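Derivation of every value follows stated rules applied to the coordinates shown; laboratory data play no part. For clarity, every value in this text was computed on a predicted model and none was experimentally measured. Please note: Cβ atoms are built from the backbone with ideal geometry, for glycine as well, and neighbour counts cover all protein chains shown.
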Amino acid sequence: MGVMIDIFRSLGLSDGQALRAEAASLTDTQLIERERCIPAFDPAKDYTGLPVGTPVQDGGQVWKLLQPHNAAHYEGRPADLRALWGLCHTKNPARAKPWMDALGTSGMYMAGECYRADDGTVYRALQDNLVHGAAALPSAWEVAE
Amino acid sequence: MTSYIKTDETGRLTAWAAPGFRCGDGEVEAVMPEDFDPGRLSDYVYQGGAVVLDPLPAPEEPERPGNTEQRLAAVEAELAAYKAAYEEGVREAWA
């Protein structure tokens, strides 16, 4: 098992490095496709030296760094720190994330982007700048699968 | 039909020579069953001048450690360890 552990660690390292090298050029959808190569948010980590756009996973969502900062100096996680972290959405229904409220213009759903409702239904946005889900604004959404 | 055979101390066949051939030291001549299958040599015994089929009991299934739930838990633990190792590598890549 020890050899397998080393293999998986090496695989994670190479996958992570590959994504890191091209993350800045990827769309949110592409980032979420490679979510497994994205590290978990670390509330003790210093993100000061990382470039804008650096992704993390947290709370079942993928977030991109908007303002480099030291997370140890802030209370809360990306979902609470929306000025520091931007929410990623995907256009791939198979990868749709649970609904997350936008904060101002941050995290609004654009045309083609999807979310998965509590009952498992995946909805696709039919227009830009959506801040309400299908329950509140059904005309702006279609069932994606 | 007779053939030359050899047996172990219990009479179970350990060698058989096709008709017209010999087994060598320790051989005996025995009456062979019509449907003798040389591929199942150890399933035959030599009794009173004749070879008869007496199959060995099927080998018992090797015992596996633990019951199904325990094995499942072990597999899940192994997968979790691999996942944790992968995630550790990812963290390192982004450090």
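Just to be sure I understand the curve: with the Debye formula and one point per C-alpha of the range B:43-95, what is log10 I(q)/I(0) at q = 0.15, 0.20, 0.24 Å⁻¹? Summing over Cα pairs of the range B:43-95 leads to -0.67, -0.81, -0.92.
Past the 19 angstrom mark, what percentage of all C-alpha to C-alpha distances in the range A:1-96 do you count? Please report the intermediate quantities before stating the final value.
On the way: 1971 of 4560 pairs.
Here the long-distance tail beyond 19 Å is 43 percent of all Cα pairs in the range A:1-96.
Think of it as helices only: each DSSP H run of n ≥ 4 in chain A is worth -39500 (n - 2.57), and spread over all residues that comes to -6000 deg cm²/dmol at 222 nm. Between A:TRP63, A:TRP99, A:TRP85, the GNM of chain A built on Cα springs shorter than 10 angstrom shows A:TRP99 fluctuating the most. Normalised by the number of residues in chain B, the average gap of Cα pairs under 8 Å and 6 or more apart makes the relative contact order 20 percent. With N as its number of residues, the range A:105-145 has a Cα radius of gyration that, divided by 2.2 N^0.38 Å, comes to 1.01.
Please compute one quarter of the surface area of the Cα convex hull for the protein assembly as shown and express it in square nanometres. Let's see the in-between values first.
On the way: hull surface 96.9 nm².
Average of the hull's projected areas for the protein assembly as shown equals 24.2 nm².
For the range A:73-145, the list of trypsin sites (Lys or Arg not before Pro) that fall in a loop by DSSP and count at most 14 other C-beta atoms within 10 angstrom is empty. Packing, as the average of other Cβ atoms within 10 Å across residues, places the peptides A:3-16, A:28-41, A:132-145 in the order A:28-41, A:3-16, A:132-145, highest first.
Return the calculated 222 nm mean residue ellipticity for chain B, to the nearest 500 deg cm²/dmol, obtained by summing -39500 (n - 2.57) across DSSP H runs with n ≥ 4 and dividing by the residue count.
Numbers: 1 runs with 26 residues, N = 95.
The helix-only estimate for chain B comes to -9500 deg cm²/dmol at 222 nm.
Among B:LEU72, B:GLY49, B:THR2, flag the residue with its Cα farthest along the positive direction of the charge dipole of chain B, charges on Cβ as +1 for Lys/Arg and -1 for Asp/Glu. Projecting each Cα onto the dipole axis, the largest value belongs to B:THR2. In chain B, inverting the average of 1/r over every pair of distinct C-alpha atoms gives 17.8 Å as the Kirkwood radius. For the range B:5-15, the Karplus equation 6.51 cos²θ - 1.76 cosθ + 1.60, evaluated at θ = phi - 60°, returns couplings of 9, 10, 9, 8, 5, 8, x, 7, 5, 10, 7 Hz by residue, with Gly and Pro reported as x.
Couplings for the range A:75-92, taken from phi via the Karplus curve 6.51 cos²θ - 1.76 cosθ + 1.60 with θ = phi - 60°, read 7, x, 10, x, 5, 9, 10, 6, 6, 9, 10, x, 7, 9, 10, 10, 9, 8 Hz in order; Gly and Pro are left as x.
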